[in-house]
Amino acid sequence: MVKSFRGGVHPDDRKRFTAAKAIETMPVPDKVIIPVRQHIGAPCAPIVKVGDLVKKGQVIAETQAFVASPIHASTSGKVVEIADYPHPVFGCCSAIVIESDGQDEWAEGLPLTRDWRTMDSAAIKNAIRQAGLVGMGGATFPTHVKMSPPPEKKLDTFILNAAECEPYLTADHRVMLEQTDRIITGILIAMKALGVKEGYIGIEDNKPDAIEAMRKAVDNIVELSVVPLKTKYPQGAEKTLIYVITGKEVPSGGLPMDVGVVVQNVGTAVAIANAVEKGLPLIERVTTVTGGCITEPKNLLLRIGTTFEQAILFCNGLKEQPAKLIMGGPMMGMAQSTVNVPIIKGTSGILVLSAKDVNHGEERPCIRCGRCVDACPMGLIPSMLSILGERGKFQEAKAEYDLLDCVECGSCVYVCPAKRNIVHYIKLSKAQNAAMAAKK
Amino acid sequence: MNTSILILLVLTSLGLIFGFILAFANKKFAIEVNPLIHIVEDVLPKGQCGACGFAGCAAYAEAVVLNADVPPNLCIPGKEPVAKAVAEMTGKQAAAVEPRIAQVKCAGSKENAVLSHEYQGVQDCAAANLLFGGQKTCKYGCLGFGTCVKNCPFDAMTMSEEGLPVIDPEKCTGCGKCETVCPKHVIAMMPLGSKVRVNCSSKDKGVTAKKACKAACIGCSLCMRQCPHGAIEMQNNLAVVNPAICQEKCTEALCLTKCPTKAIRPVILGVVPGTEDKACAGCQ
């Protein structure tokens, strides 16, 4: 039987555009724009100057802060500019622009060969930090931080988040089919570093070929098992995934490590394998370029710093006037104002939607139908949160309606007949509460 | 008949018993409140704006009566008369309240400001600011959703058709509520006697600022060089007027003559920002 959770919604998954298309490697662009901030946490500072020659995989921005991740050059060439550029998450951010020399040469000593079986936990974590790994599902939380829980937290389970519940996106799906062994290696390395003995791979059952492939791969590995999940959004939200697979509920305000679980994304698992075995930094990722306006939707292996425009042009451009450009999936992705933003470590998809796909409609007052309450996977009352946000009662939303437990999955907005911007009100309330806390 | 008399008797006696209990409790458990607090509270304007730094008028009244260190002139909307009355009641030294008024330091009207994207979310400035700092290319300017207007306790603000807030100088008490709710900090309080003001908040370099908005201060510093009293200085590509010097010494407002983008404006209270030219052609 496939496992599931309370609430959730069933949007049309639209994965058919790219699900059957093998990952294509996009040629290295002439110029890459690499933001110094591609993760949650402290920003990095550039350690190269304009005019410096850099090699692929060389560290170009670094910080001593723990919750941060170094940035590497994604191709070899010359640093031509360090200036503010548009950023897909922060709006604007300092970026290092490298003009490619066409050689695409690795920095000295890369790639190397290491046997992870002989490495201890600290060495593995260090290799992961050196390689600049972050959660590649979109949240971009530094991986080495996630893998270094405080000593009082005992970990027992590793979960590979292969649900890919966002509509349109197929990057993880393709990686599971094409790089199955790398994923398994990545999981085993992570499990060794964490000292956990139990590993699960959660995959939504709309990807039977991926379930089949992963099952075959874990056949003779006793610690690992594949768990088929019901196709329902947000199956891949960390907290619902943990609940569905282990039956444990992450406490309010807590982290997965509070129930002894670490969750990693498919792309991150591959990156862990590459970082630990070969010493390769995170300079490229698989991204789905899709949506109603893209002439030829594709799954692309892209260098960090490639612009959205270049990626879209590689898919033969647009076939109709776009209405919305989104980084990530349609449910939780970030709307963009320009195609000149670069791909960062957390860019799982580039979505160009036509006016037909974007049915916005006019926002109306809440009619208290309760559909959002049924849809909320966290068991909250989204209607009340939106009303309190609208009226400026931010503290009440936090104190009495568990504002901070909202994972912003957007299920409530999806079902709302009054087209209310519920998640936006929630984000506003969270931001206002944070501002009030900062003032005190 | 008997029943109705019985009901009347029972209810009357119950009423009497409970009445005595309440009367007893009122005497026995009475909380001593300084009556002066209520008298002072009655004098305050009841805007609940928080300009005094307390949670509301009642909280300020309590503090000013009970705490010797709380000065009587903190109520900005109440101005001189309230400060005097409070000082008299509490026996404190009366001090002056500098009259002030809110000013919007942005001329990024629909016509002037360039948009970077079309915004479809919650129609509120703080909400719009969450997405890349708002829909305008200029990241310092007024977002125009009227969060200040909604929050004004004295009904002194309206949104103009140009998409900028307008302050009614008759009603504005200078409480500063709009200043605190504005996510862009384009509203600031200025002394009533100011002669000129800089109608822009952009800290971008001239070229960038001009590209984003026709009415931007481009940081050319012409106004600074014009001013014989040194009342204007440049901070982060933006002209900043020192109101004290300007109020005291300025007689002919030379700074207004040279500004290439008309970002420095005479103070004409009650006129829509950015439309002073249309409203008053003769003031320059």
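Brief remarks follow.
- Estimated purely from DSSP H runs of n ≥ 4, each contributing -39500 (n - 2.57), the mean residue ellipticity at 222 nm for chain A is -8000 deg cm²/dmol once divided by its residues.
- Chain pair B, A: total accessible area buried, heavy atoms, 1.4 Å probe, Å²: 1100 Å²
- Excluding same-chain neighbours fewer than eight residues apart, the lysines reachable from A:K15 by a Cα-Cα span under 24 Å are A:K3, A:K207, A:K216, A:K230, A:K232, A:K239, A:K298, A:K319, A:K324, A:K345, A:K356.
- The Cα atoms of segment B:35-90 cover 22, 21, 20 Å along the three principal axes, with the biggest extent listed first.
- Here is the P(r) of chain B: all C-alpha pair distances, binned every 5 Å from 0, give 1, 5, 10, 12, 13, 12, 10, 8, 6, 5, 3, 3, 3, 2, 2, 2, 1, 1, 0, 0 in whole percents.
- Distance from segment A:172-218 to segment B:1-68 (C-alpha centre basis), Å: 68 Å
- Chain A - percent of accessible surface contributed by carbon and sulfur, probe 1.4 Å: 52 percent
- When the pairs A:K398/A:K439; A:K31/A:K125; B:K177/B:K249; A:K78/A:K125 are compared against a 25 Å limit on Cα-Cα distance, A:K31/A:K125; B:K177/B:K249; A:K78/A:K125 fall above it.
- Here A:K430 is the anchor, and the aspartates and glutamates within straight C-alpha reach of less than 16 Å, apart from those fewer than 8 places off in the same chain, are A:E390, A:E396, A:E400, A:D402, A:D405, A:E408, B:D124.
- Reachable lysines from B:K211, criterion Cα separation under 17 angstrom, eight or more residues apart if same chain: B:K110, B:K136, B:K139, B:K203, B:K262
- Taking N as its residue count, the alpha carbon Rg of segment A:111-278 over 2.2 N^0.38 Å: 0.96
- q = 0.06, 0.09, 0.11 Å⁻¹: log10 I(q)/I(0) that the Debye formula gives for the protein assembly as shown, counting C-alpha atoms only: -0.48, -0.94, -1.20
- Dipole of chain A, positive direction: furthest Cα of A:I245, A:V145, A:V222, with charges on the beta-carbon: A:I245
- Projecting the Cα atoms of B:G15, B:V240, B:V186 onto the charge dipole of the protein assembly as shown (Cβ charges, centred on the Cα centre) puts B:V240 farthest toward the positive pole.
- In the context of the full set of protein chains, the protein assembly as shown has a per residue accessible area of 46 Å² (1.4 Å probe).
- Segment B:35-90 - charge dipole about Cα centre, Lys and Arg +1 at Cβ, Asp and Glu -1, debye rounded to 20: 140 debye
- Span-like helix ranges in chain B, DSSP H, alpha carbon extent 30 angstrom or more, Kyte mean at least 0.5: B:2-28
- Working ranking of peptides A:359-365, A:431-437, A:258-264 by packing, defined as the average number of other Cβ atoms within 10 Å per residue, highest first, is A:258-264, A:431-437, A:359-365.
- Ellipticity estimate at 222 nm from DSSP helix runs (n ≥ 4, -39,500 (n - 2.57)) divided over chain B, nearest 500: -10000 deg cm²/dmol
The values are calculated or read from the model by the stated rules, or taken from the named source; none is laboratory data. Everything numeric here is computed off the predicted structure, so don't read it as measured data. Here the Cβ is made from the backbone with ideal geometry for all residues, glycine too, and neighbour counts use every protein chain on show. Side chains included, ligands, DNA and RNA excluded: accessible areas come from the protein's heavy atoms. Shrake-Rupley method; radii C 1.70, N 1.55, O 1.52, S 1.80 Å.
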